[in-house]
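Worksheet: the structure to be examined is printed underneath.
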Amino acid sequence: FLLNKEYCKSLDSDISTENKNKIVRNLISAVHSIGCVVNLVFAYYTGLEKWRTIAVLYSMGYFLWDTYLIIILNYVSEFPYLIHHFISLHIFEYVLFDNYNTSFVMLLILYGELSNFPNYLVYHKIKKQSGKDSNISKYKSIKYWKHIQILWFVFFRIIVYGRYLTTLYTLVDSYVLSIGCYTLYIMGIYWTFGQIKSLYKDYYTDNLVKND
């Protein structure tokens, strides 16, 4: 609540209220992602149960909060995220109760969260610029970071994460978890194709600025 109230005040007055709320939610998601990675690194390399518990409860709190917002505020366009959130909650539940090969599962979560890092910056830039007059320098900046975003995501979520999925079914003792991880992987591929299509449409079609 405080983050929403104070940060919104600092945003440009010509940014719509809707976009201000989206910017704040994106910032909260970024903070969660960074915290999740830090917690999982400590949990993975120290092997301490308290770090594993902190990592799990920290992220489960975020996913429950975001699920609540999507349902209560009826964000219909974000309903597909509920699939991601429910799967993520089950994965963290698996880690919490120290089931078979928990360290391997934590590694999967770690790479999954790492793959999201540039997404928050790109989304922030787009929403801050939305509705404003076009600016060639900001246009170039978003174009540059969208390329980084896609390459980063493909490396961590498609290549690295995908490499571990080839043996996933032999390394965990939960069919539900295995199906969930494969589902997230497929969703990641679908998202990647959507981003590539959007990048081409926004920056490489004839009707856009050519002097960049």
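The values are calculated or read from the model by the stated rules, or taken from the named source; none is laboratory data. Since this is a predicted model, take the numbers as computed values, not measurements. Every residue, glycine among them, receives a Cβ derived from its backbone with ideal geometry; neighbour counts consider all protein chains shown. Heads up: the accessible areas ignore ligands, DNA and RNA and are worked out on the full protein's heavy atoms, side chains in. Shrake-Rupley method; radii C 1.70, N 1.55, O 1.52, S 1.80 Å.
At 7 Å along the Cα-to-beta-carbon direction for both Leu171 and Val41, put a label point, then send me their distance in nm to one decimal.
About 2.0 nm separates the two model spin labels.
For the chain, which semi-axes, largest first and in whole Å, follow from the square roots of 5 times the eigenvalues of its Cα gyration tensor? Mind showing how you got there, number by number?
Details: eigenvalues 212, 91, 45 Å².
Equivalent ellipsoid of the chain: 33, 21, 15 Å, largest first.
State in Å² the accessible area per residue of the chain; use a 1.4 Å probe, count heavy atoms of protein chains only, and round to the nearest integer.
Details: 12370 Å² over 212 residues.
Counting only protein heavy atoms, the per-residue value for the chain is 58 Å².
In the Gaussian network model of the chain, springs joining C-alpha atoms below 10 Å, which of Asp98, Asp202, Asp66 carries the largest mean-square fluctuation?
Greatest mean-square fluctuation among the candidates belongs to Asp202.
Below 8 Å between Cα atoms, with a sequence gap of 6+, how large is the relative contact order for the chain in percent?
On the way: 161 pairs, mean separation 46.8, N = 212.
Over the chain, the number comes to 22 percent.
State the percentage of accessible surface on the chain attributable to carbon and sulfur atoms; use a 1.4 Å probe and exclude ligands, DNA and RNA. Each step should come with its number before you reach the end.
On the way: 7990 of 12370 Å².
Looking at the chain in its full context, I get 65 percent from C and S.
Tally Lys and Arg at +1 and Asp and Glu at -1 over the other residues with C-beta under 15 Å from the C-beta of His85: what net charge comes out? The partial results should precede the final answer.
Numbers: positive: Arg25; negative: Asp66, Glu78, Glu93, Glu113.
Local net charge: -3.
Could you list, bin by bin from short to long, the percent of Cα-Cα pairs of the range 48-125 in 10 Å steps?
Pairs per bin, as whole percents: 16, 44, 31, 8, 0.
Of all the stretches in the chain, which is the longest one without any exposed loop site, taking trypsin sites (Lys or Arg not before Pro) in a DSSP loop (any state but H, G, I, E, B) with at most 13 other Cβ atoms within 10 Å?
Values: sites that count: Lys132, Lys210.
For trypsin sites (Lys or Arg not before Pro) (loop position, at most 13 other Cβ atoms within 10 Å), the longest site-free span of the chain is 1-131.
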